[in-house]
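A.B. asks: Starting off with a structure, shown below.
The values are calculated or read from the model by the stated rules, or taken from the named source; none is laboratory data. The structure displayed is predicted, hence computed values, not measured ones. Here the Cβ positions follow ideal geometry from the backbone for every residue, glycine too, while neighbour counts run over all protein chains shown.
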């Protein structure tokens, strides 16, 4: 299990933008659910905005649409099989916390639980649902972020389809003359960034 | 240089969803430009829809908004320094193809060029600009995709902020009982997928 401490909201993009598989937790009428998700992007640094596509055939879709809250939990490679298992079952019939022996931890700002076994957890509220009807696209605001500070370079997993996952590899350092603009919220001024 | 052949549109999500840094090429009044981007997500399998955030302070923003066309080129680690250099300069003042010795290749369906040195290139047209004003968020449709078929497991780079990049690591195989649904266009039914 990961021992988590608070993590700066302004750094949340560093956890998400390279596309790790996340486990989305939701809670509705006392029922907790977990769903793997790979289709997400950062949209703003601070407050961190995360856009994501969740299919309307998913049990979590209705819950997120109704409760407007979720937690994005970031697993490491040790949880890879559990991630796939969570994707192969539906919260309609399965209590995934129980079935896959994951540990729910009470969140600070939302009803959905953090997953103790994940190295980072981001408490989110739906900020804009304008494109939900057309694209199943939710814009979430991360209101509280948690990370295990003891974990350096966590081996996140990145879905590549057909049951294949890329495991995060080595880190490359390319000092940039724009580093001084690290706190500049405009992605345009942060290489290599839109 | 990569020798490219056509790549199935239905497989495009496998190139993008794990969050590689891409080089966005645009063309306006004969002026070609290149911009690194990390803020993108898959939104549909086929036709492939890709959402992305491009800051309105970027030279490429106006060009994309006006021409409604771009190419998403996916570089490998060999181009990492070039990617940062492209992010540290502006197309307003720099001819990036010339300055960084990249080779433009004529696209099939758009005016923007493919980058020969990138292992994959996706020709895109803006399909929905509804959230451009509020979030600088474009929804692109990939109309033609190119890839170098000789490259297996290309070492893509994944920006993690502050001049750090994760280089794609080993591949993990986790056969899933949902593989038979690989062609199902609903992300909900594809583990681990929203």
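A.B. asks: Counting only residues that are at pLDDT 90 or above and farther than 16 Å from residue A:141 by Cα, how many does segment A:10-38 have?
C.D. replies: Step one: of segment A:10-38, the residues at pLDDT 90 or above are A:20-28, A:32-38.
Checking which are farther than 16 Å from residue A:141 by Cα leaves us with A:20-21, A:23, A:27-28, A:32-38.
Result for segment A:10-38: 12.
A.B. asks: Hey, another quick one. Output the helices (runs of 4 or more DSSP H) that fall wholly within segment B:58-134 and possess 1 or more residues being more than 17 Å from residue B:27 (Cβ to Cβ), or say none.
C.D. replies: On the way: elements: B:59-67, B:80-87, B:96-99.
Result: B:80-87.
A.B. asks: On to the next question. Select from segment B:142-166 the residues that are buried (at least 17 other Cβ atoms within 10 Å of the Cβ), touching a helix residue (DSSP H, G or I) at 6+ places or on another chain (Cβ under 8 Å) and part of a loop (DSSP other than H, G, I, E, B) and list them in ascending order.
C.D. replies: B:155, B:160, B:161, B:163
A.B. asks: In addition: Looking only at segment A:14-47, how many residues end up being more than 7 Å from chain B (Cβ to nearest Cβ), in a loop (DSSP other than H, G, I, E, B) and surrounded by 24 or more Cβ atoms within 10 Å (Cβ to Cβ)?
C.D. replies: Of the residues in that region, 1 qualify.
A.B. asks: Could we say that residue A:144 is modelled with pLDDT under 95, away from every other protein chain (no Cβ under 13 Å) and within 21 Å of residue A:21 (Cα to Cα) here? Even if it seems obvious, please write down each step before you answer.
C.D. replies: Working: modelled with pLDDT under 95: yes; away from every other protein chain (no Cβ under 13 Å): yes; within 21 Å of residue A:21 (Cα to Cα): yes.
It is true that residue A:144 is modelled with pLDDT under 95, away from every other protein chain (no Cβ under 13 Å) and within 21 Å of residue A:21 (Cα to Cα).
A.B. asks: I would also like to ask the following. So, of the residues in segment B:48-57 that are facing another protein chain (nearest Cβ under 7 Å) and part of a strand (DSSP E or B), which turns out to be nearest to residue B:133 (Cα to Cα)? Walk me through it before giving the result.
C.D. replies: Within segment B:48-57, the first condition is being facing another protein chain (nearest Cβ under 7 Å), and the residues that meet it are B:51-55, B:57.
Cutting the leftovers down to part of a strand (DSSP E or B) gives us B:51-53.
Values: B:51: 14, B:52: 13, B:53: 11 Å.
Of everything passing the filter in segment B:48-57, B:53 is nearest to residue B:133 (Cα to Cα).
A.B. asks: Considering only residues that are within 15 Å of the chain's Cα centre (by Cα) and farther than 19 Å from residue A:44 by Cα, which ones fall in segment A:125-154? Quick ask: steps written out before the conclusion?
C.D. replies: To start, the set of residues in segment A:125-154 that are within 15 Å of the chain's Cα centre (by Cα) comprises A:125-126, A:137-148, A:154.
Within segment A:125-154, A:147, A:148, A:154 meet the criteria.
A.B. asks: Hey, residue A:130 hits all of (1) within 12 Å of chain B (Cβ to nearest Cβ); (2) surrounded by 17 or more Cβ atoms within 10 Å (Cβ to Cβ) but one; which does it fall short on?
C.D. replies: All conditions are met except number (2).
A.B. asks: If I filter segment A:57-71 for residues that are farther than 22 Å from residue A:144 by Cα and buried (at least 23 other Cβ atoms within 10 Å of the Cβ), do I get at least one hit?
C.D. replies: From segment A:57-71, those farther than 22 Å from residue A:144 by Cα are A:57-59, A:62; that's our starting set.
After this cut, where a residue has to be buried (at least 23 other Cβ atoms within 10 Å of the Cβ) as well, the list is A:58.
Yes, because at least one residue in segment A:57-71 is farther than 22 Å from residue A:144 by Cα and buried (at least 23 other Cβ atoms within 10 Å of the Cβ).
A.B. asks: Is it true that residue A:169 is in contact with a helix residue (DSSP H, G or I) (Cβ under 8 Å, 6 or more places away or on another chain) and surrounded by 16 or more Cβ atoms within 10 Å (Cβ to Cβ)? Before you say what the answer is, go through the steps one by one.
C.D. replies: Numbers: in contact with a helix residue (DSSP H, G or I) (Cβ under 8 Å, 6 or more places away or on another chain): no; surrounded by 16 or more Cβ atoms within 10 Å (Cβ to Cβ): yes.
So residue A:169 fails the test.
A.B. asks: Exactly one condition in (1) buried (at least 17 other Cβ atoms within 10 Å of the Cβ); (2) more than 7 Å from every other protein chain (Cβ to nearest Cβ); (3) touching a residue at least 40 places away in the same chain (Cβ under 8 Å) is false for residue B:107; which is it?
C.D. replies: Among (1) buried (at least 17 other Cβ atoms within 10 Å of the Cβ); (2) more than 7 Å from every other protein chain (Cβ to nearest Cβ); (3) touching a residue at least 40 places away in the same chain (Cβ under 8 Å), the lone unmet condition for residue B:107 is (3).
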